[in-house]
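Colleague: Sharing a structure with you now.
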Amino acid sequence: MASKFLNSIFIIILIAHLNVNFVYAVNAGEIDYAQARQRMVKGQLVARGINDKRVLDIMSWMERHKFVPENMRAYAYEDSPLPIGEGQTISQPYIVALMTQLLQLEGDEKVLEIGTGSGYQAAILAELVKEVYTIEILKDLGKRAQKRLKELGYTNIKVKIADGYHGWKEYAPFDAIIVTAAARYIPQPLIDQLKVGGRLVIPVGDMNMQKLLLVQKQPGEKLKEYEITGVLFVPLVGEHSKVQPKEEPKEDQTENKKWKPSEDKKWKVKQR
Ligand code: SAH
């Protein structure tokens, strides 16, 4: 009787053990994040022309799966945006790489991001520059990103819960500004808070069609605008969605150009 009982216990323990091993094996075998990341860099970024070595380097080791909800981790290195809760999304890796490359960062800059979301873009920026300031309008999302960035050890990122339309005057002017939600027009406070010579990367348009713009502030406050490509972002909400621009940008203030990287200074490659 006793031996029968012990036998049953043994079988239960054995099954439990096999199960645990099976789960471990599946987890380890199913998702090789490092390998998925290398595939992403080669197949999605390099293949489409991303050539800033620092951007490629950081995206090849930044653990994107730690910035998405648990049930999305398996898709973290896929060629698409992913939901991060509250109806918001983390951008497609290629778009993150493209926008970061367009900022032409060298290492000493102070950068402002509007739309913290998961904190992934902020973390990438923090590896590339000296100081990152990022603003999120949704409290829960912002707090979660702040906690995540702190746990990952970032001390050069400041997160603020606010409407990014107004920028962050206290720390202005910025060398570069990146807006990761679609604006109907370029918010004037962001232009004001950009240094002369600074770069602003922003998707502009409505819900159906947006253009990614690179805006460079020239001496005399003149703006040089490059259309990069068509994109689809979640909308910039808050003040921006209520207020119309005071005045349309004057024709002579903005110089519209097609983006030709060769026109610009060569991006310096500086390894950390
Ligand atoms: N950069 C993010 C993704 C951004 S998704 C990442 O790496 O994960 C766009 C984000 O912009 C959303 O989190 C949204 O809540 C936020 N947002 C929208 N309007 C905003 C505003 N006016 N000010 C600040 N954040 C805003």
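We did not get these values from a lab; they are worked out from the coordinates using the rules stated. If you're wondering where the values come from, they're calculated on a predicted model, not measured in any experiment. Glycine gets a Cβ as well: all are built from the backbone with ideal geometry, and neighbour counts include every protein chain shown.
Colleague: For region 97-262, state what percent of all Cα-Cα pairs lands in each successive 10 Å bin, counting from 0 Å until the bin that includes the largest distance.
Modeller: Answer for region 97-262: a P(r) of 11, 41, 38, 10, 1 percent.
Colleague: What is the spin-label model distance, in nm, from Val196 to Ala74 if the labels are put 7 Å beyond Cα along the C-beta direction?
Modeller: Simple spin-label model gives 5.6 nm for this pair.
Colleague: Suppose R0 equals 35 Å; then what is the FRET efficiency for Met207 and Gln38 from their Cβ-Cβ distance, rounded to the nearest 0.05?
Modeller: The calculated FRET efficiency here is 0.50.
Colleague: Most exposed first by the Cβ proxy, i.e. fewest other Cβ within 10 Å, how do Met40, Met207 rank?
Modeller: Listing Met40, Met207 from fewest to most nearby Cβ atoms yields Met207, Met40.
Colleague: Relative contact order for region 159-219 using alpha-carbon pairs under 8 Å, separation at least 6, rounded to a whole percent?
Modeller: Here the relative contact order equals 31 percent.
Colleague: Cα centroids of region 140-159 and region 223-238: how far apart, whole angstrom?
Modeller: That distance is 25 Å.
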